[in-house]
Amino acid sequence: MVGFNRIIVIGVFLTFVLMSCSGEKNQNKEQKENNSQQEFIKNQGDLNETSSGVKVEFSDKVIQKGYESYLLIKAALVNSNSDQVRIEAKKLLVICEELPEGEQLKAVVQLISLTKKINKQRDFFATLTTEIEKLVNRVSIQSGKIYKQFCPMAFEGEGGYWLSNSKEIRNPYYGNRMLNCGNVTDVFQ
């Protein structure tokens, strides 16, 4: 009986070791993909850069800061830089503290700031876009334009929206894989 218990303990131990190793392999694979994305960005420059960007001025300065922070998260997603997405989300979280309401906004920004996987960050970004759109629609735009854009391929063909300061498409849901996939569906001014 002691021998049988020893075999079970050894079996459980080996199972744990093998599972840990496969987790490391998946983590290494994700790290290699992230490194390859970063290398691509270094060689190609900022994928979010456009020639038609417009500065938007709002009547509310806190919402102004929130929208600008949102655009930095979008830019990091376009560049597939998950670390930068987290950094910018943490900055937006501080701005959210200045807003009198918006618990859903704060919750989604918190999730983005804690999430390391770019695909999950992109999932949460769809909700972030909805919440930021609610904010910008509450105040008047003093100057400039906001372009609401849509990618029909995002989320397995269900599509996804985002806001932009440029009419040129820079897709945050796919980055360099489908950088220009999408169209302008609305313009706020």
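Table for the structure above
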| read-out | value |
| --- | --- |
| The stretch 49-97 versus the stretch 102-181: alpha-carbon centroid distance in Å | 10 |
| Environment charge of R170, counting only residues whose C-beta is closer than 11 Å and scoring Lys/Arg +1, Asp/Glu -1 | -1 |
| Solvent-accessible heavy-atom area per residue, rounded to whole Å², over the stretch 131-189 at 1.4 Å | 49 |
| Accessible surface of the stretch 70-137, 1.4 Å probe, proportion on carbon and sulfur as whole % | 54 |
| Karplus 3J(HN,Hα) series, Hz, for the stretch 72-82 with 6.51 cos²θ - 1.76 cosθ + 1.60 (x for Gly, Pro) | 5, 5, 4, 4, 5, 5, 4, 7, 6, 10, 5 |
| Cut-off under 5 Å, modelled amide H: who pairs with F58 long-range | Q142 |
| Phi-based couplings in Hz for the stretch 134-147 (Karplus 6.51, -1.76, 1.60; Gly and Pro marked x) | 4, 4, 5, 7, 7, 10, 8, 8, 6, 7, x, 9, 10, 9 |
| Sites V94 and K117 - FRET efficiency at Förster radius 25 Å, r taken between beta-carbons, to 0.05 | 0.60 |
| Neighbour net charge for S52 - beta-carbon separation under 14 angstrom, K R +1, D E -1 | +2 |
| Cβ charges +1 (Lys, Arg) and -1 (Asp, Glu), total dipole of the stretch 91-164, debye | 260 |
| Per-residue ³J(HN,Hα) for the stretch 54-66, Karplus 6.51 cos²θ - 1.76 cosθ + 1.60, θ = phi - 60°, Hz, x for Gly and Pro | 10, 7, 10, 10, 9, 6, 10, 6, 5, 5, 4, 5, x |
| Length added when fully stretched, D60-Q189, from 0.36 nm per residue minus Cα-Cα | 45.0 nm |
| Virtual spin-label span in nm between D46 and E156, 7 Å along Cα→Cβ | 3.5 |
| Separation in nanometres of the label points that stand 7 Å from Cα toward Cβ, at N176 and D83 | 1.6 |
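The values are calculated or read from the model by the stated rules, or taken from the named source; none is laboratory data. Here the structure is a predicted model, which is why all the values come from computation and not from measurement. We place every Cβ from the backbone using ideal geometry, glycine too, and count neighbours over all the protein chains shown. We work out accessible area using only protein heavy atoms, side chains counted, and drop any ligands, DNA or RNA first. Shrake-Rupley method; radii C 1.70, N 1.55, O 1.52, S 1.80 Å.
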